[in-house]
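Below you'll find the structure, written out as structure tokens, and then a few comments.
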Amino acid sequence: MPDPFPVPGDPAPGSSPGEPGRWLAAAAANRPLSWNLTRHARRLVTLALAGLGIAIATGRPEFAAAAAPAVLLLATWHRPRPGQIGLAARLTAARMIEGERSAVELSVSGAAEHSVQVVLQPAHAITPLPGPAARPGRPAISVPFLATRWGRRRVGSAQVILRDRWRLAEGSTGLSLPRVDCYPRPATQRTRVVLSRLPTRLGEHTARAAGEGAEFGGVREYVPGDRQRSINWPATTRRGRLQVNTFQAERSQDVVILVDTAWENADPTRSVVDIGLRGAAAAAQAYLNARDRVGFITYRYRARWLVPGLGQRQYYRIAEAMLAQDRDWTSDTGFSRLPRVALPPGALILVFTPLMDPRLVETLRDLRQRGFPVLVIDVLAGEPPVGRGRYARLAQRMWRMEQQAIRFSLRELGIPVTHWDGEQSLDLSLAPYTRRVMVTRR
Amino acid sequence: MSTGWPEPQPGWRAGWRLLWRHSVIRLAVLAGLLGAGCVAWAATPAILAGPAAGAAPLVTALAAVCVAGGAGQLAVARAAPPGPGSYPGVLGRLAAWALLRLRQLPWAEGTVLSALALELLHPARPWHTAVLGAALTGYLLATHLAESTTAPGEASAVLRGQAPVLAAGLGLLVLAAGSAALPAAGSGAAGAWLRAAAAVAAVLACGLALPV
């Protein structure tokens, strides 16, 4: 699959596993081990030295007796230990959705009779999970983990600890783990907004025009050329003349999903970018399941887009585009008018935005003036914190009034705005627009 | 018939049973009890001596602190520190720092040294010191297993592997304590020192000659 948003300096897909390519899902290396005394050995040394020292210093041989078990345990120190081990790590799933589990399969070779413990040092948004313990002789150790937030990132690093049979020495080494692609978890959306005017392309939405669909349209008199199987016999009997059933056409539509990722909430637990991307993933899934063509635009000081496409492949291209949107951005103030190539004529434009950027608001106005039906899903979560100053309450009221004014002006232009908090189903927020077709006016 | 006492909730009991099934928790409890037992065993004769005890109460308090610290260390051994991307507040950061310190301090070594110092404060009784030595070895083993065991059954496998050496060590402990209990060959400080040096040499020789 080609990279929809290639970034300069990023190795091409399909690069060999040894180099830091995008699709690196496995890592292997020979690692030198650094051996040290364990804490257990240090404690035994303390007991042995203290017991023997007190015995010598005070002339009380019973303290030497107290140190005897520790001395004998320490006497097992002289054992051959490997200088290096072979490590190979691979992910059971290199692509996942937020909240899904995956695991690192770590193969250790050259450990001989030493017990192996793997400690996962997780990267941001990776949570290690308790997994099966390593057993001597088992070829691979599985370290499960959970990805808690979308993004393209390394899983972290694995610290491999070898212990001898007597637990006196431990050798440790580390391995950088492969990268995982974690897609945003789609919200729940089962219903779809359907336009009143649909392009003449076969699909699953019932159009107003008569056609060969499955939805019953009405009954009319038979004309030569009508199919015999469409004759409505009860109506024919009542009226005394041949009557045929008519059906409505089934068409598909073009949908363009625009996600505003330029603004972020100060509270990282209520990210508006996360809400927007989860909503966009749900919408993309819902419309692609209905065989609609879906395009995708991300807005962050400048626009990047995917031209509309069909099918599961398009869904994954959109998901890849979502992951690509968080890297290497430059401040570009040239965004004001979306290009024609990204917007098929008559396409429904769904916009997930907190409506904080005035330039995006201007772009929405421009889209409406160009005749596109636009539906804004407001994902603003929370308000700016109220200060302690004398005019803090006043500033908060002004901020609220400004937000209300933006929404009011959009509604006046014929752009419906609906709020979605990211928690409940997207169907609830879209219910006023999914119950009937959305009439498009120029 | 009601006994007048509140009946324990089944969920509460089930929770405790579930916790107790974890060998790590059993080992941690065992380590705490052994540590406390060692300190009590070493401190009792000195404390019972009354005003002549000298520094014994102070050392006992120090040892008790070490045992409590070691127990706390085992209790938080599995607590995960805030990872990258976590945003703990001031209290959270302070707690993480305290957890790190608690884990790094040598509590078990402190317990061992305090118990031996307490044992040193009262008159020589070889059997008493031998019991303390065996208990301290058990305490160190239990502490180590509680903080490093990752799977059920691992602790018993480790102990099974070390059983011959532990048995040899305990045998040597009994022999050395027995030799210390024998009537002195010579009188005075020189004779006692000679016996102690002989015992140390015997222990070290056994350690070096161990065919492992």
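Every number in this text was worked out from the coordinates using simple rules, so none of it is lab data. Note that the structure is a prediction, hence the values are computed from the model and not measured. Every residue, glycine as well, gets a Cβ built from its backbone with ideal geometry; the counts of neighbours run over all protein chains shown.
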Taking chain A as a Gaussian network, Cα atoms linked when under 10 Å apart, which of A:Thr200, A:Thr127, A:Thr261 shows the biggest mean-square fluctuation?
-> A:Thr200
Compute the relative contact order of chain A as a whole-number percentage, counting only Cα pairs closer than 8 Å that sit 6 or more residues apart in sequence.
-> 13 percent
Across peptide B:148-155, how many C-beta atoms of other chains are within 10 Å of each residue C-beta, on average?
-> 4
Candidates A:Pro385, A:Pro224, A:Pro432, ranked by Gaussian network fluctuation over chain A, Cα under 10 Å, top entry | A:Pro224
Taking chain A and counting helices only, DSSP H stretches of n ≥ 4 at -39,500 (n - 2.57) each over all residues, the nearest-500 ellipticity at 222 nm comes to -8500 deg cm²/dmol
Compute the Rg to Rh ratio over segment A:202-251 from the alpha carbon atoms, using the Kirkwood formula for Rh, and round to two decimal places.
-> 1.04
Cβ charges +1 (Lys, Arg) and -1 (Asp, Glu), total dipole of segment A:202-251, debye = 280 debye
